[in-house]
1. Taking all protein chains together and a probe of 1.4 Å, list 481, 184 from the most accessible to the least accessible.
2. In whole Å, largest first, what are the principal axis extents of the Cα atoms in the stretch 368-483?
3. Take the Cα atoms of the stretch 172-223, build their convex hull, and give its volume per residue in Å³.
4. Considering only DSSP beta bridges with both partners in the stretch 151-264, what is the antiparallel share in %, to the nearest 5?
5. In Å², what does the accessible area per residue of the stretch 353-511 work out to with a 1.4 Å probe?
6. Specify which labelled value, from (i) 88, 54, 47; (ii) 70, 61, 53; (iii) 106, 66, 42, agrees with Cα extents along the principal axes in Å derived from the coordinates of the model shown.
7. Given charges of +1 on the Cβ of Lys and Arg and -1 on the Cβ of Asp and Glu, with all other atoms neutral, how large is the dipole of the chain about its Cα centre, in debye to the nearest 20?
8. For the chain, what % of the accessible area comes from carbon and sulfur atoms, probe 1.4 Å?
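The values are calculated or read from the model by the stated rules, or taken from the named source; none is laboratory data. Since the structure is predicted, the reported quantities are computational estimates derived from the model, not experimental observations. Positions of Cβ are backbone-derived with ideal geometry, glycine not excepted, and every protein chain shown enters the neighbour counts. Note: areas computed on protein heavy atoms with side chains; ligands, DNA, RNA excluded. Shrake-Rupley method; radii C 1.70, N 1.55, O 1.52, S 1.80 Å.
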Amino acid sequence: MSKRNARRWRFIDLLSAGFFIAFLVFFVVFFKPAGEALAEGQAAAFPPPADPQLREKLLALADGGKRPPVDACPAGAVDYMPCEDPKRNSQLSREMNFYRERHCPAPAESPVCLIPPPVGYKIPVQWPESLHKIWHSNMPHKKIAERKGHQGWMKKEGSYFIFPGGGTMFPDGATEYIEKLGKYIPISGGILRTALDMGCGVASFGGFLLKEDILTLSFAPRDSHKAQIQFALERGIPAFVAMLGTRRLPFPAFAFDLVHCSRCLIPFTAYNGTYFIEVDRLLRPGGYLVISGPPVQWPKLDEDWADLQVVARSLCYELIVVDEHTVIWKKPSGDSCLLNQNEAGFELCSAHENPSEGWYFTLKKCISKLPSVDGDIAVGFIPNWPDRLKDPPARVTVIKNGMDVFDADTQLWARRVAYYKKLLKIKLGTSIIRNVMDMNAAFGGFAAALSSDPVWVMNVVPANGPSTLDVIYDRGLIGVYHDWCEAFSTYPRTYDFIHAVGIESLIRDHNSSKSSLGHRCHLLDLMIEMDRMLRPSGTVVLRDSSEVLDKVGLIARAIRWRVTVYDTEPESNEKERVLVATKRFWKSYSASH
């Protein structure tokens, strides 16, 4: 080879090496973060494939009294949420964030398999220590720590994620922020009990309010890279996945004493004030609305801030304070003043409108009227906490024999829970159980009987049953509407304890006269969903007839639960029995190899 050719090849080699280095830098800068994001969001973006033929086979076996062999889902389904699947939802309309709301697959499209735990999963850190730290291996989503660590949300330390208690608008900690709010609103003393934290982050605001006996239900949309709600529930803080888009939130009217938004980025005045109207529907008369962050005295958002004040004035909200970027309003205790002062052009809803409808109910652009009840539901008039827990609420009076039924229900569940703890040895009241769900809550009597335990209870009122959720909120408890023929809006492995009375009634078609054919969905689907929500080693307690519990027991063993059936307490219905099941702590083959 000539020297000239050698020099030419050395030049080509150097040029190739330079190109390779440039490509490598480009890959690291642009593709590696995308790959990490894809890996973190893989479970949500790629749900396990459904097999209709396998599904029919498994359902036929269960219906024939044979145990259906239910396998584990692929390891990539570790954080699968059926109704918040971004792959499906991304094809839907962006208008008013419709695509980020609940959109559930048809039963035939749903995989019949068990969601596995992530690699390295451990039994969660127990409450109250979990408020401040959780296992990193249970929540392998580090992006939120990297992006929000400087704001005090969370940081990774060794095997744990640590939560200093900060937030975007309170980087110095929730405690200091709550103390500031306490200068203007009655944080202490039991006047405020139920709160809603919108766009909650990792829910430190709600977590630190618990020491004031304020029970906060926090929500945020599904986020595959940050998993805010999954972090909140792993910490033991009440939370669920939701998006304020085109529909009402799944709560009754006048439920919350306090509504809070800390940089939640909800455009309250958009769409003719529709989102502010929804907040007004949810806020109890005399309650407080706190907004921190934009547009409150925010640079370049003067027009939005002015519009927000116009809407609040139109509803006669009393301005308590504007403290830097935080505004606090108080809702009037009486009926709306729209007829007297209405800059925003709002109208009152029809007298026939039920303001407490909240399940797949399109947002209304009208103001909800207060209910006509015997008693006052306004903050400052409704009993303080904890008295309101056992005093019959005003809204129970609209139910036939409501006062008597309420008192009987409260006493009944006090006896039943005592029996659960003493004779069935269920570990309620210990630090082992923190996140509790009652799937068929009625008046919330089960939750009321646990009020002195270190737990919080998500009271679920079936959407197709009697509407009692307003009574639950009036007694200082929290919950949501839900239809159990669909998946619940939560991440996998988020509840320690699930309780239900009459499990088959949750899926029954109450309009059908033929009980054998009157199911709107299958018991197997419901129990697989329960397994998805339940933490490994978690407990399920079901009360039903022996016939129903025989079906339940068959499926429970098929999905790897340990099952024992007991007699009920002596003074109870003799036809009922109690099934107690424990979810086994197992690992999928693909996750362990």
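1. My answer, sorted largest first, is 184, 481.
2. 45, 31, 24
3. 73
4. Percent antiparallel among DSSP bridges in the stretch 151-264 is about 25.
5. 38
6. Only one option fits the structure, namely (iii).
7. Charge dipole, the chain, about its Cα centre: 2780 debye, nearest 20.
8. With neighbouring chains kept in place, the figure for the chain is 54 percent.
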